[in-house]
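Some notes on the structure that comes next.
The values are calculated or read from the model by the stated rules, or taken from the named source; none is laboratory data. Because the structure is predicted, anything quoted here is derived from the model rather than measured. Every residue, glycine among them, receives a Cβ derived from its backbone with ideal geometry; neighbour counts consider all protein chains shown.
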Number of protein chains: 2
Amino acid sequence: MRTAVGTGTQQDFLQKLVRHGHFLPSGEPGLYGRGEVFEDVLGRLDALITRAGASDMPERPRFPPLIPRRTLEKSGYLKSFPHLCGVVFSFDGNEADALDLVERAHRGDDWSTHLAMSDVVLVPAACYPAYPAIALRGPLSPGGVTLDLGGSYVFRHEPSGDPARLQMFHQRELVRIGSAQDVLDWRQTWMNRARTICQQIGLDATLEVASDPFFGRGGKLLSTSQREQCLKFELLVPIASPEATAVSSFNAHQEHFGSVFGIQLHDGHVASSACVGFGLERITLALFWAHGMEIRDWPEHVRNRLWSEVRVTTVHA
Amino acid sequence: MRTAVGTGTQQDFLQKLVRHGHFLPSGEPGLYGRGEVFEDVLGRLDALITRAGASDMPERPRFPPLIPRRTLEKSGYLKSFPHLCGVVFSFDGNEADALDLVERAHRGDDWSTHLAMSDVVLVPAACYPAYPAIALRGPLSPGGVTLDLGGSYVFRHEPSGDPARLQMFHQRELVRIGSAQDVLDWRQTWMNRARTICQQIGLDATLEVASDPFFGRGGKLLSTSQREQCLKFELLVPIASPEATAVSSFNAHQEHFGSVFGIQLHDGHVASSACVGFGLERITLALFWAHGMEIRDWPEHVRNRLWSEVRVTTVHA
C-alpha cells in the first residue's frame, strides 16, 4: 500500500469536509461517501453543464463503470498509464479453494492466489466505452456526432491524502467525433463555456496547456509532444493545495480513437475526436474551498446560479 | 471465461433492445451502454421509488461503487458469495515490467502476473458502504436511522446472455437500521409499496419468500435456513424467461451488520438492519418486455404514472 498523507492544509480541509458531513470516510484514502448537501451541489453543477451544452443537441447514452478488458487493451491506455488502471479479478475455484480463501482473508493473509483476471476492467476515462459503441453503427453522418455522457464513474489507482484526488470519481464527459476541424472548434467552444461556468459560480479559474501523467521515462517525451501540439488543456482552480488543481480537461485525440476502434466519417476517412471532462467532485470541492462549508454563507450570485432555475419536467411521450 | 448464451427468447429480446437503441453492446455479456429513452424510463422509475419512500424522511448519502477490501473481508460476503465478488488489481512494477505488460496484452497473452491485489473491491450490494459510515457516528438516536442510497452501481461476476442479468447494474437501495421490530415493520411497508409501484406501472408482480445464491454445498443449508426464517422476500416479474425474474428484494439481516461493523442502538444494544433493493435496469427491462419497445405504445396509465408529475425545483439555500 502506498503512503497517502496529504499536506497539512489538505488534512485540515478533509477534516472539515468530514465534520460537516460532506465527505464520509471509508477508511481508504481517496474513497469517500458524500453527504446530501454535497450531492445537491454536485447535481446542480451537473445540470449547469448539461444546459451549457444543450445547444449542441447531443445524444445522451450512458455507460456503466466497467468496460471489456479487450477495449482497454486495444485503446493504448496500458502503454501510457499502466500505473492507473484497475482490472477486475474474480474467484475461480472449487469449495476447498473457497474455504481457504475465507480463512486467509480472516487471518489477514493474502488470498489473491484464488483470484483470476476477469474480462472486465474499470473505466479509466468516461469516453472509452463510447468509441466502440459509435463504431458499431457504421460510418458517421455528415457533421459527425456529439455525445453528452453525463457523470460517469471512472477509476484511477492513486490512493492519496489529498481530498481532491479520489480513486473513483464522476467525470462529467462530453465527446465530439467528426472532422479534424469540427472537433477542434467544438473543443474551443467548450473551453469558453467552462470558463463562463467557473465565473458564474465564483471560481478563480486559469486555462493552461497541459499533459497527461504518462508512465515512466518515455512518458516525458510523450508529455512534451502533447504540450507542443496543444492536445490537452486544463482548467485549474484552487483546492487546498499550493498549486491550482485541474478540474476540467479539453482533449484532442486526433485520429487515435477513430483509428483504433474503426470510426469512419461519412466519406470513409478516419474520424477525429475530442472530449471534454469535468471532475464533478473536484469542482464541488472547489466551491466548498472557495465559499465555505455552509451553503448559506456562499455568495448570493453563486447560490442563485446553482439553485434559482426552476426545472419543470413535462410529459415525455 | 464462462459460457454466456441466453435462451432463444432472451436472445430475441436482447436483439430488439439493441435494434431500438435501448442497449448498446460492449462485446462482453452482461455489460451494455443504455440509450437515452431507456435512461429516461430508468430515471422516472427512480423518482417513483424516491417518492414512495419520501414519508420516511430518509437521509440520502451517496457512495462510490468501490469499498475498501477490508470492509468486504469483515462483512462475511466472501464466505457466502466468493463466486460473485470483484477485486480490483493494479499494476505494481517498474518500466521493464510495464513494457512486458504492454507486449503481452498486445499479443493477447496473459498479463495478470504484473498486477497485484489493491485495497479496493467493487461494491457487491449497495448497502455495504453504509454500515461502516453509520457505525462511525456512534450509537444511533432513538428510532434508529433510515437511508435512501439512490441508485448505486453494484457488481456481480456472472457474465450471462440473459439481458436481465448484468455484471454491473443500478441497485436502488434503501436501508433501515434500528430495533429488530422497527426494521421488520419497515421492510413490510416497503413490500406493500413495491407491489403498489408495480401495479401502477402495469407489471404483473408476485411476492415470494426467497434465498440468496449462496456458494457451494454448504450454501444449500444457508438457503434453507434463510427461507425458513423468511429473511428474504423477492418481487418477481416476467422478463423474457420461462420463470419470473426477481426485480426487487427485501432483506432482514437481523444483527449481522450491526454486529460486524459495531452499530449500537441508543441503549447500547446491537442494532438490527434491513434493506430493500430495486434492480433499476431489470424493472426498466420488465417495462419494455411487458409494454413493447416503443414508449408511445405503452398503456396510457403507465405513461401518465411515470411522466405526468411535474417536478418543480425551487431555491435551496
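Quick notes on this structure:
- Every condition in (1) among the charged types (D, E, K, R); (2) surrounded by fewer than 19 Cβ atoms within 10 Å (Cβ to Cβ); (3) closer than 30 Å to A:D12 by Cβ holds for A:E234 except the one numbered (2).
- Region B:116-146 - residue that is in a loop (DSSP other than H, G, I, E, B) and facing another protein chain (nearest Cβ under 9 Å) and, of those, surrounded by the fewest Cβ atoms within 10 Å (Cβ to Cβ): B:L136
- Tally, over region B:251-270, of residues that are in contact with a Gly (Cβ under 8 Å, 6 or more places away or on another chain) and more than 16 Å from B:G76 (Cβ to Cβ): 2
- Residue among A:L149, A:L78, A:L45 that alone is at pLDDT 95 or above, facing chain B (nearest Cβ under 10 Å), surrounded by 21 or more Cβ atoms within 10 Å (Cβ to Cβ) and not in a strand (DSSP E or B): A:L78
- Of the candidates B:Q15, B:Q10, the single residue that is more than 9 Å from chain A (Cβ to nearest Cβ), crowded, with 17+ Cβ neighbours inside 10 Å, of a type in the set (S, T, N, Q) and in a helix (DSSP H, G or I) is B:Q10.
- Here A:S249 fulfils each of the conditions (1) farther than 17 Å from A:L45 by Cα; (2) at pLDDT 95 or above; (3) of a type in the set (S, T, Y) apart from (1).
- Residue count for region A:152-192, restricted to those that are in a helix (DSSP H, G or I) and within 18 Å of the chain's Cα centre (by Cα): 3
- Among the residues here, B:S211 qualifies as surrounded by 17 or more Cβ atoms within 10 Å (Cβ to Cβ), touching a helix residue (DSSP H, G or I) at 6+ places or on another chain (Cβ under 7 Å), hydroxyl-bearing (S, T, Y) and more than 14 Å from chain A (Cβ to nearest Cβ).
- The number of residues in region B:273-317 being modelled with pLDDT of 95 or more and among the hydroxyl-bearing types (S, T, Y) comes to 2.
- Enumeration of residues in region B:52-70 that are touching a residue at least 60 places away in the same chain (Cβ under 8 Å) and more than 7 Å from every other protein chain (Cβ to nearest Cβ): B:A52, B:G53, B:D56, B:M57, B:P58
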